[in-house]
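Worksheet: the structure to be examined is printed underneath.
The values are calculated or read from the model by the stated rules, or taken from the named source; none is laboratory data. In this text the structure is predicted, and so the values were computed from the model without any measurement. So basically every Cβ, Gly included, is an ideal-geometry build from the backbone, and we count neighbours across all protein chains shown.
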């Protein structure tokens, strides 16, 4: 049986897609999969809940800007490299697959030093710093957006493969009836789903809160707030807040008429795969490299989303949602565009590439 190593982390957006690839790969071929992630944070709990072995390493954040914390993080990155190298040398994987995030750089460098092939995947429209570094070590670079290859140097592009974003298969087959049953919503209720990502989104949450009287006039508002949100709003009726929706999320998305969310690639892809029209509020400002705005811009160009950038007010939000609530044909066309956009099955494509490499490996590389 072959052994495959996975790495990535820092947020659910770097872990859940990797788990989707792992699940598909285990259907294709008998294999042992383990994950190398940050020993701090959420990585371990999500990976182990997904049924994989987990090894934690020190993780230093990669920053483009000057910060005194960079000096301390250099030592964390070096510690992560040697810890990952020790794990890889001991576990002897055939290949390392990286789903990105700052924690993935030391394992990719360590695998390269041990002559272990590296596959990496970039979820966003433009590659982040971690992917740009990992690309130097990678035999194959998978992308989600057709235009992403142009961001890499010419010598790298021959290793780039368009795959789409890996998502769990249940997001392509959610059951609206199960979603309504979970929410306690009636058959005739129109549902607006608000998603801020696995950790929530404070700006989006506050915007929704301010607009709630008008939004609940239009829709039953189902709101994934994130685990740290505290405010005195009554649950039930036409407002249904949840800190985090887990296994029921594919069914809740299927039940929604419209989705309001950030434009992180994972969230966008999961909703688009269900054919849902999107209203996107990209994370912007000094705390981001602009990837969400780029993702949102591409979805808007494809006709799958309405995008809210610049000054955000409750009035502007309710006007945008109000127009879409009234225009069923526009929602239908947006949903169809979203479905076409998310059609490539990233989990199948990447798992198939890993399986193909494993089939050609020498017998002495198999456990």
task = For segment 218-230, state whether one or more residues are modelled with pLDDT of 75 or more, part of a helix (DSSP H, G or I) and not assigned by TED's automatic domain parsing to the domain that holds residue 14.
result = yes
Residues in segment 134-157: is at least one modelled with pLDDT under 95, in contact with a strand residue (DSSP E or B) (Cβ under 6 Å, 6 or more places away or on another chain) and assigned to a strand (DSSP E or B)? no
- Task: Determine, yes or no, whether residue 29 is crowded, with 24+ Cβ neighbours inside 10 Å, in contact with a helix residue (DSSP H, G or I) (Cβ under 9 Å, 6 or more places away or on another chain) and in the same structural domain as residue 137 (by TED's automatic domain parsing).
- Result: no
Considering segment 253-281, residues that are surrounded by fewer than 24 Cβ atoms within 10 Å (Cβ to Cβ) and assigned to a strand (DSSP E or B), and then whichever is farthest from the chain's Cα centre (by Cα), we arrive at 258
Of the residues in segment 308-329 that are over 19 Å from residue 210 (Cα atoms) and free of Cβ contacts under 8 Å to residues at least 40 places away in the same chain, the one that is surrounded by the most Cβ atoms within 10 Å (Cβ to Cβ) is 327
The correct count of residues that are part of a loop (DSSP other than H, G, I, E, B) and either in the same structural domain as residue 9 (by TED's automatic domain parsing) or crowded, with 20+ Cβ neighbours inside 10 Å (or both) in segment 174-184 is 1
